Amino acid sequence: MDSRSGKAQRTRETILQAALKLFLKDGYEKTTMRRIAEKAGLTPGATYYYFPSKEHIIFQYYSLSYDEHLDILLPQLDGLYKFNDRLTVALHAHIDVAKPYHDVSKALFRIAADPTHSLSPFSDESRELRNRNIQLYHLIINGSDLKVPKAIAERLPELLWLHKMGIILYWLYDKSPNQEKTDRLIDKSCAVVTRLLKSARLPLVKQFSKKLIDMVDEFKPYG
């Protein structure tokens, strides 16, 4: 990394951290790019050079969080073969990365909860990052001992991502110390998901799985 790229990276990080502090203190909607620039010790023009809008700052935050999650997760997956172990480790790794930003995440959720807002995980603008997260579950499944019918296997990464979104929603409202109830929810829900999937070849479960996929297709708030 040359000195110019290193300086640019440090500047982007300064802007990001300044923005997160202001989002936590004043809320996303009340925070302006000018205030972010002041907090970061930069001119508005310099701030706009790195981030054209507040949305770009948050997408940078989401992207960096994903990369950090991946850096932590991949070494933990090495040598794990059982699907339940791989799924559980993946969810714990995500929450571990997010925990230092619990309060900020709650502040941002007020905006992201609107499925029509660009910052929603279900928006068209979030499609690329959403697909990266879904693709991660291909990695978790393909390296595991899980065997499911083809129709389920094709849609399973997306269903597992939706499961993770449910975990994150619970985590946002978790008031237990260090969100320890979320950790227990991960362990228990992954065990249930694994047991259900390992029974997926049974006629009754197979029929239920098809109905679940049809329901997701009909009601999911994204394309």
field: Residue satisfying all of: in the stretch 50-82; of a type in the set (A, V, I, L, M, F, W, C) and over 30 Å from Lys147 (Cβ atoms); most open to solvent (accessible area, probe 1.4 Å) among these
entry: Leu64
task: Determine whether Ser199 is of a type in the set (Ser, Thr, Tyr), in contact with a helix residue (DSSP H, G or I) (Cβ under 8 Å, 6 or more places away or on another chain) and farther than 16 Å from Leu87 by Cα.
output: yes
Matching residues in the stretch 9-34 - criterion: being charged (D, E, K, R), farther than 12 Å from Gln60 by Cα and assigned to a helix (DSSP H, G or I): Arg10, Lys21, Lys25, Asp26, Arg34
Leading residue by the ranking (surrounded by the most Cβ atoms within 10 Å (Cβ to Cβ)) among those in the stretch 19-49 that are over 23 Å from the mean Cα position of the chain (by Cα) and among the aromatic types (Phe, Trp, Tyr): Tyr48
task: Scan the stretch 192-214 for residues that are part of a helix (DSSP H, G or I), closer than 20 Å to Ile140 by Cβ and open to solvent by less than 50 Å² (accessible area, probe 1.4 Å) and jot them down.
output: Val193, Thr194, Leu197, Ser209, Ile213
task: Keeping to the stretch 124-145, report how many residues are part of a loop (DSSP other than H, G, I, E, B) and surrounded by fewer than 18 Cβ atoms within 10 Å (Cβ to Cβ).
output: 4
- prompt: Only one residue in Val89, Val97 is farther than 20 Å from Leu129 by Cβ, assigned to a helix (DSSP H, G or I) and hydrophobic (A, V, I, L, M, F, W, C). Which one?
  reply: Val89
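Conditions (1) modelled with pLDDT under 95; (2) in a helix (DSSP H, G or I), marked per residue:
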site: Lys147; (1), (2): yes, no
site: Leu185; (1), (2): no, yes
site: Lys188; (1), (2): no, yes
site: Val216; (1), (2): yes, yes
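The values are calculated or read from the model by the stated rules, or taken from the named source; none is laboratory data. Since the model is a prediction, treat every value here as computed from it, not as a measurement. Note: ideal-geometry Cβ built from the backbone for every residue, glycine included; neighbour counts use all protein chains shown. Please note that ligands, DNA and RNA were not included when accessible areas were found on the heavy atoms of the full protein model with its side chains. Shrake-Rupley method; radii C 1.70, N 1.55, O 1.52, S 1.80 Å.
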